[in-house]
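Asker: Quick one: the structure is below, and I'll ask about it shortly.
No lab work stands behind these numbers, since they all come straight from the coordinates. Quick caveat, the model's predicted, so the values are computed rather than measured. FYI the Cβ positions are ideal-geometry reconstructions off the backbone, even for glycines, and counts take in every protein chain you see.
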Amino acid sequence: MDATDGVIDWQIGRSLAETNLHMFEKGLGTDIVLKMGEKAQQLPCHKFILASRSPVFYTMFYGGLPETGSEVIIPDIEYDIMVDFLRYLYNGGKTEIMPNNVMGLMYTAKKYGVQTLTDECRVFLQNEINSSNVCTVMEQAHLFDERKLWENCLTTIFSNAFDVLRNEDHDFHNLCADCMKKIVENDRLNVPEDLIFIACKSWAEEKCGSMNIDINDANLREILGGILFAIRFPFMNEMLFTEMVSHGDILTQEEKLSVYQQFNHSPRDGGPNISEKTKFCSKPRVSAPSYRAERFKEVVGGTLFDFWENDNMIDAISFKASRDISLVGITILSPFQNGIIRGSLSIYDETNICLASRKHLEILQATNDKMVDINFPKPVAISESCWYTVTQQMSGGRSYFGTDGQKEVKGEGVVFRFRNSPMYANNTNVESGQIYALLYK
Ligand SMILES: [Zn+2]
């Protein structure tokens, strides 16, 4: 067998890139051996090709103090990664970038100054980001000082904050303290504060584990450091704060007291007197835009014969969402004829526990609109595949009402299913009635 491993006409009709790659893959005429990874696996190749594509290799082989030995030891890059990298160099910029080699390739491309491959890896990562891997990618972007990619990860996290912080595989455990703090302190992280606290605690517990130290409140506080003060405890539900935070020692007595003082006495508008009282940020996070799932195709009423009577009876509808969402509020239908309606709006879970309410509402006839958005005091966490019931109980004037209702409504990445609620007493059902739309994030 000849040196070409039985392929006699490998140059004929082939491009420069193809013949280069053939010489590399068959180890023909090589003049340098790279020793890769911890095991120093041998990878024979050609100085000329390496130097022609990488400024670092050029300096190494042909610079002022050239490497004259027959081997180069590269302990920090694994053999398989270097093979993929060299394919890129030999093959005129073609190699298969995959989830399992992209980080190694990016590291190698940066180390050897191959900008085009760095760019390709960045684009690949950008396209691969989703809510279950975004923190891993963000941490790599941090490591490689890829600012743009890092910013994109941050945006992805804020758009999918619920999913990221409740990720079953705890992808956010992969974040370093700096990245974690940048996320938690940002106004755009708009999920309930108790969820942020749970995620931060879980993150710190994992760090305790990897550092082999006890998981106790003192250590968690130490590891959380500045992250702890980025959690906006004053905006946490007071009952949850009592249950989850006040019984432990993650916060000092003084800090807990200051949070309770804010719950009970201070306006939550970020006034100057508040920040003096506590170390915790007292500025509300920015609300992301909410979406509207409208369950009726038509709104009617406004005549002597066409109206909805509000007589302090309960109008109710049940719904289920295909993924976890935050229910921000409800769009209800307005009164007409210079009317005014008064009452309340509530949401219940499957066991009829009231999750949130707006009481003492007073709705005036809107000038041009037949409906009005009413937000709950805080967004309500809605778990996928559980049924919830929204009720309104109004008295006063007559309202518009919806017709041509739908059992299923497609929203932004979520499908809502509606069914009649056993709580109804005022005839609202899937087909017609009140509770025009759900407002959600
Ligand atoms: Zn980081």
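Asker: Of the residues LYS39, LYS407, LYS207, which exhibits the maximal mean-square fluctuation in a Gaussian network model of the chain defined by a 10 Å Cα contact cut-off?
Answerer: Looking only at LYS39, LYS407, LYS207, the largest GNM fluctuation is found for LYS39.
Asker: Give me LEU361, LEU21 ranked fewest to most by other Cβ atoms within 10 Å of their Cβ, as a rough exposure proxy. Can you show the working numbers first?
Answerer: Working: LEU361 17, LEU21 20.
Going from least to most buried by this count: LEU361, LEU21.
Asker: Using 1/(1 + (r/R0)^6) with R0 = 51 angstrom and r between the beta carbons of ARG323 and GLU38, what's the FRET efficiency to the nearest 0.05? Let's see the in-between values first.
Answerer: On the way: r = 43 Å, r/R0 = 0.85.
Result of the calculation: an efficiency of 0.75.
Asker: To continue, here is another question. Arrange the following residues from fewest to most other Cβ atoms within 10 Å of their Cβ: HIS46, HIS360.
Answerer: In increasing order of surrounding Cβ atoms, one gets HIS360, HIS46.
Asker: Work out, step by step, the length gained on full extension between GLN253 and ARG342: first 0.36 nm times the residue separation, then minus their alpha carbon distance; give nm to one decimal.
Answerer: Numbers: separation 89, 0.36 × 89 = 32.04 nm, distance 4.27 nm.
Stretched out fully, the GLN253 to ARG342 stretch lengthens by 27.8 nm.
Asker: Please compute the contact order of the stretch 16-127 in relative form: average sequence separation of alpha-carbon pairs under 8 Å and at least six residues apart, divided by the residue count, as a percent. Don't jump to the answer; show the numbers that get you there.
Answerer: Numbers: 155 pairs, mean separation 27.6, N = 112.
Relative contact order here is 25 percent.
Asker: Enumerate the lysines that LYS47 could reach by cross-link, defined here as Cα to Cα under 26 Å, with residues fewer than 8 away along the same chain left out.
Answerer: Correct list for LYS47: LYS26, LYS35, LYS39, LYS94, LYS110, LYS111.
Asker: Same structure, new question: Between ARG417 and SER395, 0.36 nm times their residue separation minus their Cα-Cα distance comes to what? Mind dumping the intermediate values first?
Answerer: On the way: separation 22, 0.36 × 22 = 7.92 nm, distance 2.79 nm.
That pair, ARG417 and SER395, stretches by 5.1 nm at full extension.
Asker: Using Cα-Cα distances under 8 Å and only pairs 6 or more residues apart, what relative contact order does the chain have, in percent?
Answerer: Relative contact order here is 12 percent.
Asker: Same structure again: Kindly write out, for the stretch 381-386 in residue order, the coupling ³J(HN,Hα) from the Karplus curve 6.51 cos²θ - 1.76 cosθ + 1.60 (θ = phi - 60°), rounded to whole Hz, with x marking Gly and Pro.
Answerer: Once θ is set to phi - 60°, the couplings for the stretch 381-386 become 6, 10, 8, 4, 6, 9 Hz.
Asker: Between helix 16-26 and the chain, what is the angle of the helix's C-alpha long axis to the longest principal axis, kept within 0 to 90° and rounded to the nearest 10?
Answerer: 80
Asker: Moving to a separate point now. How high is the relative contact order of the stretch 291-440? Use alpha-carbon pairs under 8 Å, at least six apart in sequence, and give a whole percent.
Answerer: Contact order relative to length: 44 percent.
Asker: How far apart, in nm, are the 7 Å Cα→Cβ label points at GLU25 and ILE353?
Answerer: Distance between label points: 6.1 nm.
Asker: Next question, about the same structure. What is the total of Lys pairs in the stretch 291-440 with C-alpha atoms under 16 Å apart, excluding same-chain pairs fewer than 8 positions apart?
Answerer: Pairs that pass both the separation and distance tests number 6.
Asker: Of the candidates LEU304, LEU228, LEU149, which one comes out as most mobile in a Gaussian network treatment of the chain with C-alpha springs shorter than 10 Å?
Answerer: Highest fluctuation of the listed residues: LEU304.
Asker: By DSSP, what percent of the beta bridges with both residues in the chain are antiparallel, rounded to the nearest 5?
Answerer: 95
Asker: Less than 20 Å apart at the alpha-carbon level, and either on another chain or at least 8 residues along: which lysines does that give for LYS181?
Answerer: List returned: LYS148, LYS201, LYS207, LYS279, LYS283.
Asker: Does anyone have the angle between helix 115-128 and the longest principal axis of the chain? Alpha-carbon axes, 0 to 90°, nearest 10?
Answerer: The helix 115-128 is inclined about 30 degrees to the chain.
Asker: Using a Gaussian network for the chain with springs between C-alpha atoms less than 10 Å apart, which of these wobbles most: VAL33, VAL259, VAL380?
Answerer: Of VAL33, VAL259, VAL380, the Gaussian network model singles out VAL33 as fluctuating most.
Asker: To test your reading of the geometry: what angle, between 0 and 90 degrees and rounded to tens, separates the Cα axis of helix 193-211 from the longest principal axis of the chain?
Answerer: 30
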